[in-house]
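Take a look at the structure set out below.
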Amino acid sequence: MNALQPRPRIAWALGGGGARGFAHLGVLKVLKEARIPIDALAGTSMGAVMAVLFAAGTDLKYLTALATTIAWENFVDLRFPRYGLVEGKRITPLIRLLTKRKKLEELAVPVRVIATDLLTGDEVIFDHGPLDEAVRASISIPGIFTPVPSGQRLLVDGGLVAGVPVNAAAEMGMELVFAVNVGGELDTEPPRSVFDILYRSSEIMMRQLDGIQMEQAAFVLTPEVGHVGTVQFNRAEECIEKGEAAAREALPEMRRIIEEYQGRRERERAVGERV
């Protein structure tokens, strides 16, 4: 009797969403415990942060404890430059520390980090080089973080082109793409500042783009964190719990998709052998 086809390799697309991205920690915990494959990762903004930390082998329990106890305001270096309120120089040392100064090509799991070139509007996909530089570019929300110069490019948040980077994940050569969407709900309250207007405008645009990309995923997991504000980092524990709950509830569906893929490939192989 022929053995069942090998399981499909799965690339995960982790979306951006500021503090809501802590939900990825809960999702990754459940995936690891349940042995749902994580063969590759593509991440935007906070999704990029979680992708590189996971792939670098950083302990998830430690990350959860850190996320829920750290004083995140200490890593926000406020200033009043021409191009952003936060310079971001306090973030990169933390990333270097947690990832042991690894480069993207040195990670145990392949990772792609998504940014946007502000000068051309092009999607920029990091697949090698220092992790901290790639992540710093990917989290650079326009008007909040200062852009990151990189050669002839000026890089900002990857969410402008791929809030949930399904296409980048699909290009990593895996059989299936699963996505995690931590996008926020639109605020119905009137904007309080010009920054509110800028951010909400970009969110509306990103929602349209994300919908197109997520249609290409075999499965989309959406933790119930849309009500959490982008900068409400004090709600990390809540987001982690929501991510874990959503992943546990979705385990049967994920397993069904994996088994269906295996069965389909097995039938295709059997037809090929008869021919």
If I ask for residues that are assigned to a strand (DSSP E or B) and touching a residue at least 60 places away in the same chain (Cβ under 8 Å), which ones from the range 99-124 would you list?
V111, R112, V113, I114
Can you tell me which residue is modelled with the highest pLDDT among those in the range 180-218 that are touching a Gly at 6+ places or on another chain (Cβ under 7 Å) and hydrophobic (A, V, I, L, M, F, W, C)?
V180
Name the single residue that is modelled with the highest pLDDT among those in the range 54-90 being open to solvent by 30 Å² or more (accessible area, probe 1.4 Å) and aliphatic (A, V, I, L, M).
A65
Right, E238: at pLDDT 85 or above and out of contact with any Gly (no Cβ under 9 Å at 6 or more places or on another chain) or not?
yes
Check the range 252-262 and report whether any residue there is open to solvent by less than 70 Å² (accessible area, probe 1.4 Å) and modelled with pLDDT under 90.
no
In the range 135-157, how many are closer than 20 Å to R96 by Cα and either touching an Asp or Glu at 6+ places or on another chain (Cβ under 9 Å) or assigned to a strand (DSSP E or B) (or both)?
12
G226 meets each of (1) touching an Asp or Glu at 6+ places or on another chain (Cβ under 7 Å); (2) buried (at least 17 other Cβ atoms within 10 Å of the Cβ) with one exception, condition (2)
Picking from E244, E266, E237, E259, which residue would you name as being without any contact (Cβ under 8 Å) to a residue 12 or more places away in the chain and in a helix (DSSP H, G or I)?
E259
Is it true that F126 is crowded, with 18+ Cβ neighbours inside 10 Å, of a type in the set (F, W, Y) and modelled with pLDDT of 95 or more?
yes
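The values are calculated or read from the model by the stated rules, or taken from the named source; none is laboratory data. Fair warning: this is a prediction, and the values are worked out from it, not measured in the lab. Note that each Cβ is placed from the backbone with ideal geometry, even for glycine, and that neighbours are counted across all protein chains shown. We work out accessible area using only protein heavy atoms, side chains counted, and drop any ligands, DNA or RNA first. Shrake-Rupley method; radii C 1.70, N 1.55, O 1.52, S 1.80 Å.
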